[in-house]
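The values are calculated or read from the model by the stated rules, or taken from the named source; none is laboratory data. All values derive from a computational prediction rather than experimental measurement. Ideal geometry is used to build each Cβ from the backbone, glycine not excepted, and the neighbour counts take in all protein chains shown. Protein only, heavy atoms only, side chains kept; ligands, DNA and RNA dropped before computing areas. Shrake-Rupley method; radii C 1.70, N 1.55, O 1.52, S 1.80 Å.
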There are 2 protein chains.
Amino acid sequence: MSKVVKFGGSSLADATQFQKVYNIIKSDPERRFVVPSAPGKRFKEDTKVTDLLYKIFYAKTKNEFHLYFDQMKERFLDIIEGLQLDLSLEDEFTIIQKALENGVSEDYVVSRGEYLNGRILAAYLGFEFIDPKDVIFIDQEGRYDVKKTDAILSQKLSETPYAVIPGFYGSLNDGSGKIKAFSRGGSDVTGSIVAKNGKVDLYENWTDVSGFLIADPRIVKNPDVIETITYKELRELSYMGASVLHENSVFPVRKEGIPIHIKNTNRPEDQGTLIVESTCHKPTHVITGIAGKQGFATVMIEKDMMNSEIGFGRKVLQVFEDHHLSFEHMPSGIDTMTVIVNTEEFIDKEQDILAGLHRQVHPDSIVLESDLALIAVVGRGMKASRGTAARVFKALAKENINIKMIDQGSSELNIIIGVRNCYFKPAIKAIYREFIVNE
Amino acid sequence: MSKVVKFGGSSLADATQFQKVYNIIKSDPERRFVVPSAPGKRFKEDTKVTDLLYKIFYAKTKNEFHLYFDQMKERFLDIIEGLQLDLSLEDEFTIIQKALENGVSEDYVVSRGEYLNGRILAAYLGFEFIDPKDVIFIDQEGRYDVKKTDAILSQKLSETPYAVIPGFYGSLNDGSGKIKAFSRGGSDVTGSIVAKNGKVDLYENWTDVSGFLIADPRIVKNPDVIETITYKELRELSYMGASVLHENSVFPVRKEGIPIHIKNTNRPEDQGTLIVESTCHKPTHVITGIAGKQGFATVMIEKDMMNSEIGFGRKVLQVFEDHHLSFEHMPSGIDTMTVIVNTEEFIDKEQDILAGLHRQVHPDSIVLESDLALIAVVGRGMKASRGTAARVFKALAKENINIKMIDQGSSELNIIIGVRNCYFKPAIKAIYREFIVNE
């Protein structure tokens with residue numbers, strides 16, 4: 001058994017947090033590969049080290065530069081001192097400063113937070129330090145080069161019993177050796193790639209929360225934590241706006257069937273959330289999570305006997321595609337078809353699309369509305385339990401919330417409903433109450 | 001004010017029925033144009049005159065021919081005698097027999113029921129008899145030639161105070177004068193065309209039922225009658241399998257905004273069902289009707305991140321279109337898209353379509369199921385009343401009926417749900433109970 005442990009910025013913000021991380025890692029010899037982020041905020045008004053690095057890169061005056069550079073150094077020196085480590089980063093700071101004077105890339109500069117933090121953590125733990133620039137390769141678009149990375153990284157990890165591999169960056173896959181950062185997802189992606197190539201059994205993702213919440217805490221007060229979630233559910237909630245793991249970061253480990261365990265560095269005793277490919281564990285509740293997004297527009301196309309026109313739906317979608325617009329859903333009644341799109345993307349192309357629809361399918365009428373919110377109720381437990389839809393709609397009816405759209409395909413893993421924007425929060429609260437509080 | 005009155009076959013099956021029809025027409029001088037069907041069944045085991053005419057046309061022996069020809073004559077002679085009319089149809093019978101010997105068309109023969117019944121009814125009422133062959137023109141495909149018909153028929157009707165115009169047929173629009181029947185909808189279409197061109201205010205459609213029923217009486221015992229229904233609702237229920245008026249028959253009058261009143265010849269005092277373009281009348285119940293169809297298949301396509309592929313949905317529909325298959329609905333979840341099609345149409349093309357889908361959109365998986373029934377809950381009242389969806393789903397949950405699919409577009413005039421075939425009848429019963437019995 002072996003594990004990858006990835007720690008977020010707040011888990012490594014200062015020496016006290018480093019000590020917690022040390023205890024977590026040392027308490028379990030299976031925790032072999034450690035992926036650190038750059039130091040995050042120590043308190044609400046604090047600045048993340050990565051943000052300081054951006055400020056350094058974009059500094060307009062020498063004074064400005066030195067102010068932020070010193071603040072950045074201070075953060076690392078404070079940690080080293082707090083841990084009473086016998087480690088000097090002065091050479092490193094000089095190299096970075098020189099590189100900046102010579103006009104190095106943004107990616108190089110902003111990735112130094114992870115690099116330096118990794119250096120400290122490796123020294124503190126007594127683990128080998130692996131610089132991702134030697135083992136993780138990224139293309140120009142910021143995506144990881146699977147073939148090259150997997151060949152080199154898996155070899156390296158198989159020879160290394162314990163190592164720290166900083167998150168967020170690697171080097172360009174063109175052989176230039178230039179530092180390149182991931183476009184999105186950052187250190188979570190690194191953790192995922194290391195988990196895959198380290199052939200580990202578990203990817204622990206340590207953060208400052210005790211797992212994923214069933215609903216957005218800005219909408220529902222103190223929502224429960226999800227105990228076990230499948231990748232599919234995670235992806236669905238994430239797609240519908242839940243701020244869980246970045247979706248891109250999930251795919252490398254998902255392919256390998258490696259579970260991800262979301263844990264809280266500040267409360268390691270909490271159960272956290274386990275993300276798995278599939279599970280026989282009965283979910284705690286019928287629904288696993290609720291998520292939603294606002295800002296959708298509906299384009300309702302009416303035409304008598306449209307169902308007898310072969311190609312009608314395809315032509316409608318062709319018009320949207322011709323204007324490079326993707327659609328979210330296409331519920332249909334009898335003689336009506338509604339295309340749901342992102343309002344912001346739609347608004348500029350609105351008149352062109354309307355003209356295109358009139359030309360292509362000669363509708364009797366087109367009705368536009370632009371204040372739709374979509375809410376997804378997600379849960380593998382829905383398949384086994386009848387009446388979930390009834391409970392969702394009863395909960396909304398009780399609050400006098402009118403449903404503008406319903407979409408449930410035969411996957412039975414989610415129900416998607418559309419309500420007016422003004423009912424977005426009340427609807428989520430009502431569904432949470434029905435399935436979690438009253439259950 | 002003037003009205004078209006169309007009478008179905010059972011309303012004109014014998015002399016007693018003719019007397020009821022007489023009383024109905026004579027009780028209201030606005031009933032100017034009368035469209036009769038051929039005599040229908042007088043009792044359950046009886047044969048309709050139109051069916052006798054088919055037997056005559058397809059008779060294989062002289063004996064067979066004479067047997068059915070005499071039965072047909074008998075039907076008309078019985079009516080004439082029962083009404084004590086001074087009318088002889090002997091010349092007509094001779095003409096038909098001669099025409100048959102000379103090898104006339106099927107359309108000519110089977111339309112003689114309406115023709116002869118129209119002759120009798122005109123004589124009985126003292127109305128002018130208009131032969132549709134002179135005023136209604138039909139193309140080779142059995143559709144009415146709008147331009148030619150409207151020009152000639154409207155002129156004729158404007159000069160005629162009271163007339164009988166038999167239903168079901170006209171003549172070919174190629175100038176040949178050959179008798180041609182409508183492909184579908186029969187006398188209802190004639191009534192509709194006469195209503196339009198007679199510029200009447202109401203189209204009364206007299207049958208042997210007291211209007212349209214909220215649900216199929218073979219499923220729900222003694223369902224209530226729908227008092228007022230809009231064309232749109234009618235079309236939706238009819239599309240979803242309710243045996244109401246044939247949908248084609250509705251379009252000519254609908255365009256003119258002429259209401260249709262469905263009445264019962266045997267119970268003229270019953271209110272019947274009024275079909276209108278739109279109405280401010282509050283519906284009696286939140287829902288106007290329930291209808292459904294069995295025999296659908298679902299093709300569920302799963303692919304991670306499909307939503308980010310512009311053109312995904314269009315490509316899926318293109319595959320179905322390339323195989324000349326129309327789809328009923330396309331509900332979508334997150335990463336899943338389900339295409340619902342008629343099982344019978346789908347089954348022959350199944351493997352080609354699956355191969356096409358794999359080639360075009362490279363899905364992660366495709367799941368087929370083939371025992372879906374679709375049920376539509378239709379009602380203009382749903383727009384104003386919240387919680388309709390909740391009540392539908394609660395009613396189904398109470399009966400332990402699992403919902404495989406839900407589709408509600410933003411028209412808010414109908415909700416369509418998919419259940420397994422075995423739940424088709426229980427679901428309709430449950431919905432009827434919730435909205436009609438318990439209301």
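Run the reach check for residue A:429 against lysines, Cα to Cα strictly under 23 Å, same-chain hits fewer than 8 apart removed. What comes back?
Candidates past the 8-residue exclusion: A:221, A:293, A:383, A:394, A:398, A:404, B:394.
What percent do you get for the relative contact order of the stretch B:190-291 when only Cα pairs under 8 Å and 6+ apart count?
After rounding, I find 40 percent.
Between copies, how far does the label point of residue A:82 sit from its twins, in nm, shortest first, when each point is 7 Å from Cα along Cα→Cβ?
Copy-to-copy label distances at residue A:82, shortest first: 10.2 nm.
Which whole-number percentage describes the relative contact order of the stretch A:289-437, with Cα contacts under 8 Å and a sequence gap of 6 or more?
Details: 238 pairs, mean separation 45.3, N = 149.
30 percent.
Of all the accessible heavy-atom surface of the stretch A:10-60, with the other protein chains kept in place and a 1.4 Å probe, what percent is carbon and sulfur?
48 percent
If we hang a label 7 Å off Cα along the beta carbon direction at residue A:278, how far is it from the matching labels on the other copies, in nm, shortest first?
Output for residue A:278: 5.2 nm, nearest copy listed first.
Have a look at the stretch A:175-238 and give its Rg and Dmax from the Cα atoms, expressed in angstrom.
15.6, 51
As an exercise, identify the trypsin sites (Lys or Arg not before Pro) in the stretch A:181-236 lying in DSSP coil whose Cβ has no more than 13 other Cβ atoms within 10 Å.
Within the stretch A:181-236, the qualifying trypsin sites (Lys or Arg not before Pro) (loop, at most 13 other Cβ atoms within 10 Å) are A:184, A:199, A:218, A:221.
Given the options A:69, A:43, A:57, which has the most mean-square fluctuation in a GNM of chain A, springs set between C-alpha atoms less than 10 angstrom apart?
Most flexible of the set in this elastic network: A:43.
Mind pulling the angle between the C-alpha long axis of helix A:388-398 and the longest principal axis of chain A? Nearest 10 degrees, somewhere in 0 to 90.
80 degrees
Could you list which residues have their amide H under 5 Å from that of residue A:31, counting only those 5 or more apart in sequence or on another chain, with H placed in the peptide plane?
The list, which skips near neighbours in sequence, is A:3.
With a cut-off of 8 Å between alpha carbons and a minimum separation of six or more residues, what is the relative contact order of chain A in percent?
Computed over chain A, the figure is 13 percent.
Quick one: which residues, 5 or more positions from residue B:267 or on another chain, have an amide H under 5 Å from its amide H? H modelled 1.01 Å from N in the peptide plane, none for Pro or chain starts.
none
Could you work out [θ]222 nm for chain A from helices alone, using -39500 (n - 2.57) per DSSP H run of at least four and dividing by all its residues? Round to the nearest 500 deg cm²/dmol.
-11500 deg cm²/dmol
For the stretch A:148-165, what does the Karplus curve 6.51 cos²θ - 1.76 cosθ + 1.60, with θ = phi - 60°, yield as ³J(HN,Hα) per residue in whole Hz, taken in order and with x for Gly and Pro?
5, 4, 4, 5, 7, 5, 5, 4, 4, 5, 5, 9, 10, x, 9, 8, 10, 10
So what is the accessible area of the protein assembly as shown per residue, in Å², with the probe set to 1.4 Å?
The answer is 41 Å² per residue.
Which of B:170, B:117, B:417 sits farthest toward the positive end of the charge dipole of the protein assembly as shown, with +1 on the Cβ of Lys and Arg and -1 on the Cβ of Asp and Glu?
B:417
Over chain B, with a Gaussian network built from C-alpha contacts below 10 Å, which listed residue (B:382, B:300, B:405) shows the highest mean-square fluctuation?
The residue that fluctuates most here is B:300.
Setting aside same-chain residues fewer than 8 positions from residue B:48, which lysines have a Cα under 16 Å from its Cα?
B:73
Show me, for the stretch B:112-124, the HN-Hα J-couplings you get by feeding each phi into the Karplus relation (A = 6.51, B = -1.76, C = 1.60, θ = phi - 60°), rounded to Hz, glycine and proline as x.
My calculation for the stretch B:112-124 gives 5, x, 5, 4, 5, 5, x, 4, 5, 5, 5, 5, 5 Hz in order.
Name the residues of the stretch A:374-406 whose accessible area, probed at 1.4 Å, falls by at least 40 Å² once all protein chains are in place instead of their chain on its own?
Buried-area filter returns A:386, A:390, A:393, A:402, A:404, A:406.
Enumerate lysine pairs in the stretch A:100-220 that are 8 or more residues apart or on different chains, then count those whose Cα atoms are under 19 Å apart.
Pairs that pass both the separation and distance tests number 18.
Just to check I understand the Karplus step: with θ = phi - 60° and J = 6.51 cos²θ - 1.76 cosθ + 1.60, what whole-Hz values come out for the stretch B:186-199, glycine and proline as x?
In residue order, the calculated couplings are x, 5, 4, 5, 4, x, 5, 5, 5, 4, 4, 7, x, 6 Hz.
For chain B, evaluate the Debye formula with one uniform point scatterer on each Cα (no solvent term) and list log10 I(q)/I(0) at q = 0.09, 0.12, 0.13 Å⁻¹, rounded to two decimals.
The Cα Debye sum returns log10 ratios of -0.70, -1.06, -1.15.
Straight-line reach from residue B:282: which aspartates and glutamates fall under 12 Å, measuring Cα to Cα and dropping same-chain residues less than 8 apart?
Reachable aspartates and glutamates: B:227.
Tally up the carbon and sulfur contribution to the accessible surface of the stretch A:375-430 as a whole percent, 1.4 Å probe, everything protein left in place. Could the numbers behind the result be given before it?
Details: 780 of 1670 Å².
That fraction is 47 percent.
Take the Cα atoms of the stretch B:289-437, build their convex hull, and give its volume per residue in Å³.
119 Å³
Which FRET efficiency value, to the nearest 0.05, is calculated for residue B:81 and residue B:16 with the Förster distance at 22 angstrom and r the Cβ-Cβ distance?
Details: r = 12 Å, r/R0 = 0.57.
Here the calculated transfer efficiency is 0.95.
Of A:62, A:20, A:349, which is the most mobile in a GNM of chain A whose springs link Cα atoms less than 10 angstrom apart?
Checking each option, the largest mean-square fluctuation is seen for A:62.
Which residues, if any, in the stretch B:332-365 lose at least 50 square angstrom of accessible heavy-atom surface (probe 1.4 Å) when the other protein chains sit next to their chain rather than the chain being alone?
Listed in order, they are B:332, B:334.
I'd like the interface area for chains B and A: accessible area of each alone minus the complex, both sides summed, 1.4 Å probe, protein heavy atoms only. What is it in Å² to the nearest 100? Before the final figure, lay out the partial values.
Details: alone 20760 and 20780 Å², together 36080 Å².
Using a 1.4 Å probe on protein heavy atoms, the buried area is about 5500 Å².
Looking at the square roots a ≥ b ≥ c of the eigenvalues of the Cα gyration tensor of the stretch A:3-208, which shape do they give, rounded for a/c under 1.5, prolate if a/b is larger than b/c, or oblate?
Oblate shape, in that a/c is at least 1.5 and b/c is the bigger or equal ratio.
Compute for the protein assembly as shown: radius of gyration divided by Kirkwood radius, i.e. Rg/Rh, restricted to C-alpha atoms, rounded to two decimals.
Expressed as Rg/Rh, it is 1.15.
Between residue A:222 and the same site in the other copies, what are the distances in nm, shortest first, taking label points 7 Å from Cα along the C-beta direction?
The projected label point of residue A:222 is separated from its counterparts by 5.6 nm.
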